[in-house]
Each structure stands twice: as C-alpha cells, then as structure tokens.
Amino acid sequence: MTTNGITLVIGATGTTGRPTAAQLMAAGHRVKAASRRATPVAGAEAVPFDWYDAATYAAALDGVDRVYLIPPLGDTDPAATMLPFLKQASTAGVRRAVLLSSSAIAEGGPAVGMVHRALPELVEQWAVLRPSWFMQNFIGTHAHARSIRDEGVIWTATENGRVGFVAAEDIAAVAVRALTDEQTPNTDLVLTGPETLGYDDIATIISEVTGRPVVHRRLSYEQMRDRLTAEVPVEFAAILAGMDRSIAEGAEDRVTDTVQRLTGRPPYTFRALFEREMRCGSWSSMGAQMSVK
C-alpha cells in the first residue's frame, strides 16, 4: 500500500535508517529524512532533527502520520527524551510508530526497554523491532570493524556464545512492513539472520573471504567494559559488556522466522553479506590489501 501521509525516519543517515528510507521511497512512500545536519537522502525531504533539541520537533513532525524511531545513541535513559517527543508526535497526528530496540532488551528493561513499555499508551498503532546483533558491526567504522582492520582481532567477552546476526537491510525490510502494512502487529518482533554464529565463526568467515588472518580474543566482563570506555560513556560501556556476558550465557543463541515471514524472502547469511560488502568496497581502507576469494 502507499500511505497518504508522510513517514518520518529518524536517524535516516544511519545503519538501519538509510535503508529504511530508501526502501520506503522505492515502494512509493513519501519520506522525511531526519538527522542532526539534515543530510540529504536521495528522494526524501531532509529535515534537521536532534533528540536533545525540542525546537526541532515541530518541523520534523509537520504532515507526518508515522515515524521510525531510532533512539539517541549511547543514552542510558532515552525515555527521558523520547517520551516527550512521542507525546508531541501523537498530538501532531502521528498514529503509528515503529521503534528500533534490541533482542537483548525486553519490554520494561533498561534504556530503550522503558520506551518499549510506554509506546502502546502513546500511539494507536505500534511495533517494536528487536534485532539481534548487526552484521554491519564488522563493516565500516564500528569498533569491531576497526579492530579487525587494525589488529586482525575481534575482542569480546562472549566466550563461545552464539548470535543470530542480522543484516541492516533485513531490519529495514521488516521496518517498512511494520510502518506501511494495513495491519500493524502491535507487538515486538525479534529479528535474526538464518543461523547462529560464534565470534570464532565470524573470524573464520572474514579470514576466508579476505585472505587475511582474523582471530577472536576473549576478554573478561571487566576487561571488555574497560575497553569500551574508550568508545562510550562508562555507564553504557557496562551495559554493552553485560550484553556480551549474556551472549556467553546463551541469551542470543536463537533463530526466528520474522524476516522470512514478514518480507517473503530469506534473510542474508553473514558470508553472503560480507562477500557483497567486500566487492562493493565497503572496506575501502583495506581495499589495497584484500580481495574476495
């Protein structure tokens, strides 16, 4: 279906926001692409938006009837910012909201889990996407991608735990369905790829695809937390290291059929996605050293 109104995509230049905006427009939907610098996204209306500047809310919400919500990065209490925005959005005519959360955070849990709990009371139609860890964490500027390029190492506290890694395009495809289908599920959806992999498996696949040895090094919870404090505030580093510990305990060792069921196609495998990214030069800083076998 093509909606009559406009979809606001918050974080439209990010890992899931960009493909969500692109897929919406490809399907004929009108999109406002919201980001701090109102960075242009081909075919969308670029609007400035800052979670921490309420003065940006009204213009972003003008004419909008649905919104894709990406929480403020690294904020341990996003509800303090997001709930006032959602109340304003409801008043402005937004009737459907799709929230990006995490498979590791249940309704009412820490951080975005509190937004998840409040969402049904704030909008008429809603969905919460709870994807497993992103395949894109090993590509681009993520800490894992950088350590692979710089050191040939993936550092985690996950031990032998396995994860149903999922591609950003698959998350976006489910987001588009949740935003535009006549019947929104009014529930949370756990998204995974088609298989579970340990970080040893990820290192092996990257080694095989690139021809460069990559290994997984195990850290304790405390070592991982301290390492992450170079990237994010200490409170958020503790949360992330705790998620690694949960992986070690088996919390993410699962596969769901959500992507296949809602999009009608199978999700990407990690090997297929990584081979594609290598071919299109996403690892440009390694391009002189690496090629797909």
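R0 = 30 Å: FRET efficiency of Glu208 with Glu45, Cβ-based, nearest 0.05?
0.10
In nm, to one decimal, how far is the Arg36 label point from the Thr91 one, both placed 7 Å along Cα→Cβ?
In this crude spin-label approximation the distance works out to 2.7 nm.
Please give the contour-minus-distance gain from Ala54 to Arg149: 0.36 nm per residue of separation, less the Cα-Cα distance, rounded to one decimal in nm. Kindly include the intermediate steps, with their values, before the conclusion.
Working: separation 95, 0.36 × 95 = 34.20 nm, distance 3.88 nm.
Gain in length upon complete extension: 30.3 nm.
In terms of modelled amide H atoms, which long-range or inter-chain residues lie less than 5 Å from the amide H of Val190?
The answer is Arg130.
Using DSSP, restrict attention to beta bridges with both residues in the chain and report what percent are antiparallel, rounded to the nearest 5. Don't skip to the end; give the middle numbers.
Details: 2 of 33 bridges.
DSSP beta bridges in the chain are roughly 5 percent antiparallel.
Each residue of the range 25-34 in order: what ³J(HN,Hα) in whole Hz does its phi give by Karplus 6.51 cos²θ - 1.76 cosθ + 1.60, θ = phi - 60°, with x for Gly and Pro?
For the range 25-34, the Karplus-derived couplings read 5, 4, 8, x, 8, 7, 10, 9, 9, 9 Hz, x marking Gly and Pro.
Find, to one decimal place in angstroms, the Kirkwood hydrodynamic radius of the range 91-147, where the mean of 1/r is taken over every pair of different Cα atoms and then inverted. Write out the running numbers ahead of the final one.
Working: mean 1/r = 0.0772 Å⁻¹.
Its Kirkwood hydrodynamic radius stands at 12.9 Å.
In nanometres, what is the gap between the two model label sites at Arg265 and Glu107, each 7 Å from Cα along Cα-to-Cβ?
In this crude spin-label approximation the distance works out to 3.1 nm.
Tell me, what is the FRET efficiency for Thr229 and Arg276 to the nearest 0.05, using R0 = 41 angstrom and their Cβ-Cβ distance as r?
Efficiency, rounded to the nearest 0.05: 0.75.
Rounded to two decimal places and with Rh computed the Kirkwood way over Cα pairs, what is Rg over Rh for the chain?
Numbers: Rg = 18.9 Å, Rh = 19.7 Å.
Using Cα coordinates only, the ratio equals 0.96.
Within the chain, which is the longest segment that contains none of the GluC sites (Glu not before Pro) sitting in a DSSP loop with at most 12 other Cβ atoms within 10 Å? Don't skip to the end; give the middle numbers.
Details: sites that count: Glu124, Glu182, Glu249.
Answer from the scan: 1-123.
Read-outs throughout are calculated quantities, based only on the coordinates presented, and are distinct from any laboratory measurement. For clarity, every value in this text was computed on a predicted model and none was experimentally measured. Neighbour counts run over all protein chains shown; Cβ positions are idealised from the backbone, glycine included.
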